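Participant: If you scroll down you'll find the structure; I have some questions about it.
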Amino acid sequence: MIKKIRVGVIGIGYLGKFHLEKYRLNKSADLTCLVDVNKKNLDLIDSPVIFKTKNYMDIRDKVDAVSIVTPTVTHFKIAKYFLENKIHVLLEKPMTETIRQAQILNNLAKKNKCILQIGHLEQFNPAVKKLRLQHDKPEFIEVHRLCKFNPRATDVDVVLDLMIHDIDIVLSLIDKNIKKISVSGKKVITKLIDIANVRIEFEDNIVANLTASRISTKNERKMRVFLKNTYYSIDFINNELKKLMMKNNNSFKVMNYKFDKTDTLNDEIKNFIKACLGREKSMTSGLCGQKALSVAKKITRAL
């Protein structure tokens, strides 16, 4: 008999419902519990076999793993409880409010041999996976992540809401210490920063220039990576990767990669379940989440 991971989803709001759907489709997962402080959200899920409650502590003995899809201010308290009880955790980003909280969670996960995975979805984009296979190191990275305004995610600023995805990718591509961070940003619609531009200077004169906006008239998620004699362009929305290589006659050889539309949340949850079963390593570990959060916090403090 195939072993299944008993899973609970904590937070059945907009994003939590998608987590719920993916676990239901996963043959190695058994969705046993749902938690939400709003009873109306629980009542919308019609299933007599799923245990539903308003208190996350009620499900401790009914799960092997949980997805925590709640407001950021609650992440540390809830994740800490489950890791202390040796239960695997998939935690939405940003992982915690402070670096110290992230360190505590990572230490707990290590101590209790638990998977702590962070919801950095873009790492599962096939174009990013292809880019990570290149051998030369980037010299310059340019990123634009522009989104139409959505009032759903305004409990954090645009850096922690959107830019943190690109910070995570940049750190996975550039294994160098940061020398300097220069920032600019503005509050436009909300009480927190809605648009920001950041220049990160690494050792060896490597630079990453990141722009994020949640008040744009269109959705655009693009990354351009410059290496010696090579240039990559990623369109995250359309799952496209373009590679241009300089030839000896100073012309370019162009290669276009068009990937099938993928469900990155489903891929992330598959990776999480397999990591819980010991079949794969987590692609977005708690330590990666902590590194991205550390840089994001330096940016928000400067802003």
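The values are calculated or read from the model by the stated rules, or taken from the named source; none is laboratory data. A quick note: this is a predicted structure, and the numbers were derived from the prediction, not measured. Methodologically, a virtual Cβ is constructed for each residue, glycine included, from the backbone with ideal geometry; neighbour enumeration extends over all protein chains shown. SASA here: full protein model, heavy atoms, side chains in, ligands and nucleic acids out. Shrake-Rupley method; radii C 1.70, N 1.55, O 1.52, S 1.80 Å.
Participant: Take the residues in the stretch 228-251 that are closer than 19 Å to M163 by Cα and not in a loop (DSSP other than H, G, I, E, B), then tell me which one is least open to solvent (accessible area, probe 1.4 Å).
Facilitator: I234
Participant: Right, another one. So is L160 open to solvent by 40 Å² or more (accessible area, probe 1.4 Å), touching a helix residue (DSSP H, G or I) at 6+ places or on another chain (Cβ under 6 Å) and either of a type in the set (A, V, I, L, M) or more than 28 Å from K242 (Cα to Cα) (or both) or not?
Facilitator: Considered against the rule, which asks whether it is open to solvent by 40 Å² or more (accessible area, probe 1.4 Å), touching a helix residue (DSSP H, G or I) at 6+ places or on another chain (Cβ under 6 Å) and either of a type in the set (A, V, I, L, M) or more than 28 Å from K242 (Cα to Cα) (or both), L160 comes out as no.
Participant: Only one residue in V188, V225, V198, V254 is in a strand (DSSP E or B) and open to solvent by 20 Å² or more (accessible area, probe 1.4 Å), so which one is that?
Facilitator: V254
Participant: Only one residue in A302, A275 is open to solvent by less than 30 Å² (accessible area, probe 1.4 Å) and small (G, A, S), so which one is that?
Facilitator: A275
Participant: Just a yes or no: is a residue in the stretch 61-82 over 30 Å from S294 (Cβ atoms) and touching a residue at least 12 places away in the same chain (Cβ under 8 Å)?
Facilitator: yes
Participant: For the stretch 28-123, list the strands (runs of 3 or more DSSP E) that sit wholly inside it and hold at least 1 residues that are surrounded by fewer than 20 Cβ atoms within 10 Å (Cβ to Cβ) and touching a Gly at 6+ places or on another chain (Cβ under 9 Å); which are they?
Facilitator: Output list reads 29-35, 51-53.
Participant: Let me ask something else. From the list V143, V156, exactly one residue is outside any helix (DSSP H, G or I), modelled with pLDDT under 90 and hydrophobic (A, V, I, L, M, F, W, C). Which is it?
Facilitator: Checking each option against the conditions leaves just V156.
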